[in-house]
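J.: Encoded as structure tokens, here's the structure I'll be asking about.
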Amino acid sequence: MQPESGNALRILWIARYMPYPADAGAKVYSAKLAESLAAAGASVRFLGFGAAGAAPPEAQHVEWVSVPDGRRSEWLALFSRLPNGAAVDASPGYRRLLEEQLREAWDAIVLDTYAAGWALDRCLAQRFTAQPPPAIVHVSHNHEAAVWRDLSASASGSLARRFVVRLNALKVRALEQRVVRHVDLLTTITDEDRAALTRAGDGPQAITLTPGYSGTVAAPRSIDAATPRRVAIVGSFHWVMKQENLRRFVQTADTVFAQHDIQLDIIGAVPDRLREELAANARATRFLGFVDDPVACLAQARMAVVPEVIGGGFKLKFLDYLFARVPIATLADAAAGLPPSLREHMLLRDDLESLTAGIVADIDRFDLLDRRQEQAYEVARSLYRWQDRGTQLGRAIAQIHRRQRVGEDPSARNGPATALKRLSASTPVK
């Protein structure tokens, strides 16, 4: 994509971390969206904590830049007006790095996830000092206020812990609202998130960018009596919400599965404390840890499960399952962002108890399982192409950039006065 000057769009991407190794869904989404934008013709410089050298050779068309030093203390973050994720990222080293980058001219600045909102005010100021002004883009991964509201409502533990979770939920909501209100372009992973984040009617231009898929595609398979009576969950369980979802499903399903001779395989890194807690009473559940080839493990399962009670947005593990050609069992609410043409080929239930019962009922129905995995794969293979997402994002940025250059953008027409008004609309967060 090119602005009016004819040169490639120059994009500064402010992220939480280097997305490699791509061992979590959020990292995969950030990495592939940035790479697909670069593949569409933009020049992308990606900032984040971690090792820039971890990016694979095929990702080198993005310029990866590591943030010097480390994050701020999580204890100090408790006293910030920013939510924890943003407060720990807003380190002196990251602020200095951002200042260095803003000495250059950019056509757009991307704030990747709500946590990058710590940089919002500095980027808004840049919009009204640089000529032409950069477009500011928020790449959303979730409707975070809703996710944290649900987590706060279900939080357990001490009164102090529940207070901290509730307070962080309020901070997340405030920051997410500020970011959405002030950016030029909002991208969401699902239509549901786009509708929720722009509900007030005065939000920015918004587009939905569902994920693509670039992983391993399994060869055609058949499920029969020789396929082990196993169901599998693949994921990375370091995030507190992922841990709580796993805990609830194992507590609900393990005894039932044991009674029906069904094995539950948990594939992926589980924190030691949670694994020990769940394994202590588990009869049907195995913790396999991180594996190099989850597709091979999924080939030994009759179904894969997405039991997400807490947390909205698109679940990238759906794509891993679809392209591994394994039938999917999930909660109806967890299937947000999936079209009806896919959902009709899945086992969908409204709660964990009925989902567990549905798995037991279908585990030996080989014709049904084969039909589900084959038809879902056929639908998915034409829907999830990363190259399409990069093209969509590049076109949207170029359109905004052209409007700002010719003065069609309201903030560009009104200049510094509008900038001051917008920046003073809320108390800056530190």
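Quick note: the coordinates plus some simple rules give every number you see, no bench work behind them. Every value quoted in this text rests on a predicted model; they were computed, and no experiment measured them. Cβ coordinates were reconstructed from backbone atoms using ideal geometry, including for glycine residues, and neighbour counts include every protein chain displayed.
J.: Counting only chymotrypsin sites (Phe, Trp or Tyr not before Pro) that sit in a DSSP loop (anything but H, G, I, E, B) with at most 12 other Cβ atoms within 10 Å, what is the longest stretch of the chain containing none of them? Present the calculation step by step, with values, prior to reporting the outcome.
T.: Details: sites that count: 79, 290.
By the stated rule (loop sites, at most 12 other Cβ atoms within 10 Å), 80-289.
J.: Follow-up question, since we're still on this one. Can you work out ³J(HN,Hα) from phi for every residue in the stretch 229-238, in order, using Karplus 6.51 cos²θ - 1.76 cosθ + 1.60 and θ = phi - 60°, giving whole Hz and x for Gly and Pro?
T.: Calculated HN-Hα couplings, in order: 7, 10, 10, 9, 10, 10, x, 10, 10, 7 Hz.
J.: Here's something else I'd like to know. Can you tell me the mean projection area, over all orientations, of the convex hull of the stretch 164-247's alpha carbons? Units nm², please.
T.: 9.4
J.: Could you give the C-alpha radius of gyration of the stretch 10-76 expressed as a fraction of 2.2 N^0.38 Å, taking N as the number of residues it contains?
T.: Values: Rg = 12.1 Å, N = 67, 2.2 N^0.38 = 10.9 Å.
Against the empirical 2.2 N^0.38 Å value, I get 1.11 for the stretch 10-76.
J.: Just to confirm my numbers, what's the Cα centroid distance between the stretch 12-78 and the stretch 297-369 in Å?
T.: Distance between centres, Cα-based: 30 Å.
J.: Could you please state, rounded to a whole Å, how far the C-alpha centre of the stretch 210-250 is from the C-alpha centre of the stretch 107-130?
T.: With the stretch 210-250 and the stretch 107-130 each reduced to a Cα centre, they are spaced 36 Å.
J.: Using only Cα positions of the stretch 273-355, each an equal point scatterer, no hydration layer, compute I(q)/I(0) via Debye at q = 0.14, 0.15, 0.21 Å⁻¹ and quote the log10 values to two decimals.
T.: Per q value, in the given order, log10 I(q)/I(0) is -0.55, -0.64, -1.14.
J.: Assuming a ≥ b ≥ c are the square roots of the Cα gyration tensor eigenvalues, decide whether the stretch 206-245 counts as rounded (a/c under 1.5), prolate (otherwise, with a/b larger than b/c) or oblate. If you can, show how the numbers build up before the last one.
T.: Details: a/c = 3.09, a/b = 1.35, b/c = 2.28.
It is oblate, given that a/c is not under 1.5 and a/b is not larger than b/c.
J.: Enter the mean projected area of the convex hull around the alpha-carbon atoms of the stretch 1-121, in nm², rounded to one decimal. Walk me through the numbers on the way to the answer.
T.: Values: hull surface 30.9 nm².
Average projection, Cα convex hull of the stretch 1-121: 7.7 nm².
J.: So what's the Cα pair-distance distribution over the chain, bin width 20 Å, in %?
T.: Computed distribution, short to long bins: 25, 55, 19, 1.
J.: Convert each backbone phi in the stretch 25-34 into a coupling constant with the Karplus relation 6.51 cos²θ - 1.76 cosθ + 1.60 (shift: θ = phi - 60°), then list the ³J(HN,Hα) values in order as whole Hz, x for Gly and Pro.
T.: Each residue of the stretch 25-34 in turn: x, 5, 5, 4, 4, 4, 4, 6, 5, 5 Hz.
J.: In addition: Rounded to whole Hz and in sequence order, give me ³J(HN,Hα) for the stretch 331-348 from the Karplus expression 6.51 cos²θ - 1.76 cosθ + 1.60, θ = phi - 60°, writing x for Gly and Pro.
T.: Values, residue by residue: 7, 4, 5, 6, 8, 4, x, 8, x, x, 5, 8, 4, 5, 9, 10, 7, 10 Hz.
J.: Can you list residues whose amide H is under 5 Å from residue 213's amide H, if they're 5+ apart or on another chain and H is modeled 1.01 Å from N?
T.: 385, 386
J.: Taking amide H positions as placed 1.01 Å from N in the peptide plane, with prolines and chain starts having none, which residues 5 or more places from residue 208, or on another chain, fall under 5 Å of its amide H?
T.: The answer is 188.
J.: Now for a different question. List every residue whose amide H lies under 5 Å from the amide H of residue 64, counting only residues 5 or more places away in sequence or on a different chain, with H placed 1.01 Å from N in the peptide plane.
T.: 46
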